[in-house]
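Novice: Mind having a look at this structure? Questions to follow.
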Amino acid sequence: MDQAVLTVHKLCKSFKRTPIIEDISFEVNKGEIMAILGPNGAGKSTTIRNIMGIMYPDEGEITFHQYGKAIPKHRIGYLPEERGLYKKVTVMDILLYFADLKDYPMNKARERATYYLNKFGLEGKEKVKVEELSKGMGQKVQFIASIIHEPDLLILDEPFSGLDPVSQDVFKQEISTLANSGMAILLSSHQMNMVEELCDRLLLIHKGQRVVSGTMGEIKQQYANYKCVIRGNNELTTLQYIDGVVRVEGSEQSATLYLEQDVHIPSWLPLLPRELDIQELVIDRISLHEIFVDIATDKKLMKVGDDDAQ
Ligand SMILES: Nc1ncnc2c1ncn2[C@@H]1O[C@H](COP(=O)(O)OP(=O)(O)OP(=O)(O)O)[C@@H](O)[C@H]1O
């Protein structure tokens, strides 16, 4: 049975009477990685800031199950979108400071700080001032600061932005390890590949509204239709009129045919005209990235408001 750590219920928030978040609901369970996805300006950070009590919802409820409505600051870790640490302080001092803010024992904090600094390739940086770190190093220190006190719930606003691919992988692995140890994790991102590989469930919002939500498996099954890439010299209009094709993108040399939902591939393949020039043919499901782009660019009419995916 899933154990909910955080529930957001029918959250609404407007700025100057303009609705920014409309009726957003989701849960984050123990040991689970939940992602809020959405294009720039979708309302991801606003949702997180309402959870963190940085701003207040106009409507809706936020519940921290074991702790009720009050934000259990000692049990939450938070990596804000606005990065920044006190510049003149050393790395170890800043980490101990954050632990102290959460009343975490100093000896344990020092141990954990050393462990994570080593893990993130920052060994020997304990006495270096924050201002001397590179941007990525600073982000790693800030990440450590968010988990130093062993929170039950970790909220990461765009954790991968500004990191090189190696550091992204280090973060990804660590987030996964933390979830396996029982932490409930909510993260926002627009890096689809990361979310696809890392997260158990996701909520895709667009213009402040839920567009898609569910487990990765449910979302792929429901929205990730097949696509067929054909390399060869073919007229795009010929391809467009093949049964089961929703739209065609690409060039006459390499075209991508997006297929209708529920197309049965063995039945569809014989529908390809015999005169097609096929040098290469690949059939695959569309990726989360493509689902996201389709929605963000309003290419596909998604089922807004369907409750069966959650
Ligand atoms: N304090 C504020 N006052 C007025 N409008 C705001 C405020 N904060 C956010 N907004 C608006 O709310 C919308 C959502 O912003 P938000 O930062 O939540 O988006 P986001 O999904 O996190 O985007 P990004 O991926 O670009 O960080 C935007 O249109 C933004 O301009």
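What follows draws every value from the coordinates through simple rules; no lab data is involved. Treat the numbers as computed from the prediction; the structure is a model and nothing was measured. Every residue, glycine among them, receives a Cβ derived from its backbone with ideal geometry; neighbour counts consider all protein chains shown.
Novice: Among Cys228, Cys199, Cys12, which one moves the most in a GNM of the chain with springs linking Cα atoms closer than 10 Å?
Specialist: Of the options given, Cys228 has the highest mean-square fluctuation.
Novice: Given a cut-off of 18 Å, name the pairs among Lys108/Lys129; Lys73/Lys102; Lys125/Lys172; Lys102/Lys172; Lys10/Lys44 whose C-alpha atoms lie farther apart than that in the structure shown.
Specialist: Cα-Cα > 18 Å for Lys108/Lys129; Lys125/Lys172; Lys102/Lys172; rest within.
Novice: If I stretch the segment between Glu123 and Arg83 completely, what's the gain in nm (0.36 nm per residue apart, minus their alpha carbon distance), one decimal?
Specialist: Extending this stretch completely gives an extra 12.3 nm.
Novice: Using the alpha-carbon centroid of each, what span in Å lies between region 30-107 and region 161-230?
Specialist: That distance is 19 Å.
Novice: State, to one decimal in nm, how far the label point of Gln173 lies from the label point of Ala70, with both points 7 Å from Cα in the Cβ direction.
Specialist: Calculated label separation equals 4.0 nm.
Novice: Also, quick follow-up: So how tilted is helix 165-180 from the main axis of the chain? Cα-based, degrees 0 to 90, rounded to 10.
Specialist: 70
Novice: Provide the per-residue ³J(HN,Hα) series for region 36-44, in order, calculated from phi with Karplus coefficients 6.51, -1.76, 1.60 and θ = phi - 60°, each as a whole number of Hz, with x at glycine and proline positions.
Specialist: Those phi angles translate into 9, 10, x, x, 3, x, 5, x, 5 Hz.
Novice: For the chain, give me the percentage of DSSP beta bridges that are antiparallel, rounded to the nearest 5 percent.
Specialist: 65
Novice: Which one, Ile62, His9, Ser176, projects farthest toward the positive side of the charge dipole computed for the chain from Cβ point charges (K/R +1, D/E -1)?
Specialist: Of the options given, the answer is Ile62.
Novice: Counting residues in region 57-211 as N, plug N into 2.2 N^0.38 Å and put the Cα Rg over that result.
Specialist: 1.07
Novice: When the helices in the chain are scored as -39500 (n - 2.57) per DSSP H run of 4 or longer and the sum is shared across all residues, what 222 nm value do you end up with, to the nearest 500 deg cm²/dmol?
Specialist: -9000 deg cm²/dmol
Novice: Nearest 20 debye, what's the magnitude of the dipole of the chain about its Cα centre given +1 on Lys and Arg Cβ and -1 on Asp and Glu Cβ?
Specialist: 1300
Novice: On a straight-distance basis, which aspartates and glutamates could pair with Lys207 in a cross-link, Cα separation under 13 angstrom, same-chain partners fewer than 8 positions away excluded?
Specialist: Leaving aside aspartates and glutamates fewer than 8 places away in the same chain, those within reach of Lys207 are Glu22, Asp23, Asp298.
Novice: Taking a quarter of the surface of the convex hull around the Cα atoms of the chain, what do you get in nm²?
Specialist: The directionally averaged projection comes out at 19.3 nm².
Novice: How large is the translational diffusion coefficient of region 243-283 in µm² per second when you combine the Kirkwood radius over alpha carbon pairs with Stokes-Einstein at 4 °C and 1.567 mPa s?
Specialist: Estimated via Stokes-Einstein, D reaches 116 µm²/s.
Novice: What are the aspartates and glutamates whose alpha-carbon lies under 17 Å from the alpha-carbon of Lys135, with same-chain residues fewer than 8 places away excluded?
Specialist: Correct list for Lys135: Glu81, Glu82, Glu123, Glu126, Asp157, Glu158, Asp164, Asp169.
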